[in-house]
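Asks: Could you have a look at this structure, given as structure tokens, before my questions?
The values are calculated or read from the model by the stated rules, or taken from the named source; none is laboratory data. Just so it is clear, the structure is predicted and the values come from calculations on it, not from any experiment. Because the Cβ atoms are built from the backbone with ideal geometry, glycine has one as well, and the counts that use them run over all protein chains shown. What goes into the accessible areas is simple: the full protein's heavy atoms, side chains included, and nothing from ligands, DNA or RNA. Shrake-Rupley method; radii C 1.70, N 1.55, O 1.52, S 1.80 Å.
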Amino acid sequence: MDYAKNRAWLEVDLAVLRENFHKLRQFISPQADIMIVVKADAYGLGAVKAAQALASAGCRMFGTAYLEEAMELREHGIEGPILVLGAVLPHQVEVAVENHLTLQVSSPAMAACFEQVAARMGQTLSVQIAADVGMGRFGIPLEGRVGQAVEEAAAIFQFPHLKVEGVYTHLTVIANPQEEAFDLYQLGLFQAFTDRLFAAGYRVPRHCACSAMTLLYPQSHMDYIRVSALPFGLQNPLYQSFQLEEVLSLRTRILHLKEVPMGATVGYGPHYTKRDTRLAIIPIGFGDGLHRSISHRAPVLIRGKRAKIFGKLCMDFCMVDVTDIPAEVGDEVTLIGRSGEDAISIFEYAALYGGTACEVSTSLGKRINRIYLHEEL
């Protein structure tokens, strides 16, 4: 029996993902390359399948937040450079060396730790130097100390068992036209740091453009961009005409239909019907990662027509008012995606609770089957 579409499923269109990569290649500077960051299981869409599809489209570099995520890609045949953007514990460095992963380094002290492991193994570890322009997370701090930061970066280049393959930063990106000056200040701080580093003879590829920066500031493209949400169609267009298609659709089915009279109670709370109402019960709820704040507000599509969730979401189910739709048990219900002539964007869904598209997709739980469309070229 095929259980894939019995309850709830997430469709990921890999053909759209590959096409998005090609469109992104045409959008950015011809001199810039592309690194795709597939952290958090590619925002809940499946990092392995996504990376395989992107590699077939020509993507040569990937990034992850954690070493464990990078190892999952290696174990499934992704052979190109993989940059681990988060810090690692000392005992994980050996794994990185053995599997040809690239680690970020945020200080000479961290580099010394890496050097010790690589020297003991008699091998070389690839690293990239991280710079902190205001995120306050990882990287050599630059604010008010660019000269000292250059000296610290130069010291990292001296370790014989470390191969420095890049220098990068992550900008705060206010992404508001009225706050452009702050974005450009951080960008300028990174440029000043790398310019002085290059002038001292330490020239390696540099990158700072996340998805938002790529859209807003062409001057940030540098040697390559480092994007995650954008190729999946999860990045808000940010006042730009360029927008990539969403790769995902979230669907379920009508499990049960119920007639309730005007004034009846429905669900937790409860909510009361204001007319004789026909309810469809669908098997998806906050236990699957839907946010309960969308209760009594979120739209769905049934037979190409809009209906609305009625009452509070339950953990495993929610109710939909289908009084005006000739719905039947087994009908497909679209929460995100297209049905007939209408579509519900993931941005529309995210706006219901003040979140982002990335939050929505990353929140979707393991009970929701992932189905990959156009997996084969």
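Asks: With contacts defined as alpha carbon pairs under 8 Å and 6 or more residues apart, what's the relative contact order of segment 264-377 in percent?
Replies: Relative contact order, segment 264-377: 26 percent.
Asks: With every protein chain present, what is the per residue accessible area of segment 1-130 (1.4 Å probe, Å²)?
Replies: 41 Å²
Asks: Separate question: Under the √(5λ) rule applied to the eigenvalues of the Cα gyration tensor, what semi-axes describe the equivalent ellipsoid of the chain? Give them in Å, descending.
Replies: 46, 22, 18
Asks: Could you list, in their original order, any pairs among Lys5/Lys305; Lys49/Lys308; Lys312/Lys366; Lys39/Lys305 whose Cα atoms are separated by more than 30 Å?
Replies: Result: Lys49/Lys308; Lys39/Lys305 exceed 30 Å.
Asks: Per the helix-only calculation at 222 nm, which mean residue ellipticity applies to the chain, given -39500 (n - 2.57) for every DSSP H run of n ≥ 4 and division by its residues, nearest 500 deg cm²/dmol?
Replies: Taking each H run of at least 4 residues, the total per residue is -8500 deg cm²/dmol.
Asks: On to the next question. Considering the chain as a Gaussian network with a 10 Å cut-off on Cα pairs, which listed residue, Leu14, Leu352, Leu67, attains the greatest mean-square fluctuation?
Replies: Top of the fluctuation ranking is Leu352.
Asks: Say the dipole of the chain comes from +1 at the beta carbon of Lys and Arg and -1 at that of Asp and Glu; which of Ala112, Ile174, Gly86 then lies farthest toward its positive end?
Replies: The residue sitting farthest along the positive end of the dipole is Ile174.
Asks: Would you mind telling me the antiparallel percentage of the DSSP bridges in the chain, rounded to 5?
Replies: Just about 50 percent of them are antiparallel.
Asks: Please name which of Leu257, Phe232, Ser361 has its Cα lying farthest along the dipole of segment 225-377 towards the positive end, using unit charges on Cβ (Lys, Arg +1; Asp, Glu -1) and the Cα centre as origin.
Replies: Final value for the positive-end residue is Leu257.
Asks: At a 1.4 Å probe radius, carbon and sulfur cover how many percent of the accessible area of the chain?
Replies: Carbon and sulfur: 52 percent of the exposed surface of the chain.
Asks: Specify whether the C-alpha gyration tensor of segment 1-118 places it in the rounded, prolate or oblate class, a ≥ b ≥ c being the square roots of the eigenvalues: rounded for a/c under 1.5, otherwise prolate if a/b is larger than b/c and oblate if not.
Replies: Since a/c reaches 1.5 but b/c is at least a/b, the shape of segment 1-118 is classed as oblate.
Asks: For segment 217-265, what is the accessible area per residue in Å², given a 1.4 Å probe and the full set of protein chains?
Replies: 43 Å²
Asks: Related question: Roughly how big is the chain's charge dipole about its Cα centre, with Cβ charges of +1 (Lys, Arg) and -1 (Asp, Glu), in debye to the nearest 20?
Replies: Rounded to the nearest 20 debye, it is 700 debye.
Asks: Around Val266, what is the net charge, scoring Lys/Arg as +1 and Asp/Glu as -1 over all other residues with Cβ under 13 Å from its Cβ?
Replies: Residues close to Val266 contribute a combined charge of +3.
Asks: Turning to a different aspect of this structure: Could you please state, rounded to a whole Å, how far the C-alpha centre of segment 161-188 is from the C-alpha centre of segment 1-79?
Replies: Segment 161-188 and segment 1-79 have Cα centres separated by 24 Å.
Asks: Over all Cα pairs of segment 111-239, how is the pair count split among 5 Å bins, expressed in % and running from 0 up to the last occupied bin?
Replies: Reading upward from the zero bin: 2, 11, 19, 20, 18, 13, 9, 5, 2, 1, 0.
Asks: GNM on the chain, C-alpha springs below 10 Å: top fluctuator among Gln240, Gln52, Gln123?
Replies: For the chain, modelled as a Gaussian network with Cα springs under 10 Å, the answer is Gln240.
Asks: Let me ask something else. Most fluctuating residue of Ala153, Ala131, Ala109 in a GNM of the chain with Cα springs under 10 Å: which is it?
Replies: Most flexible of the set in this elastic network: Ala109.
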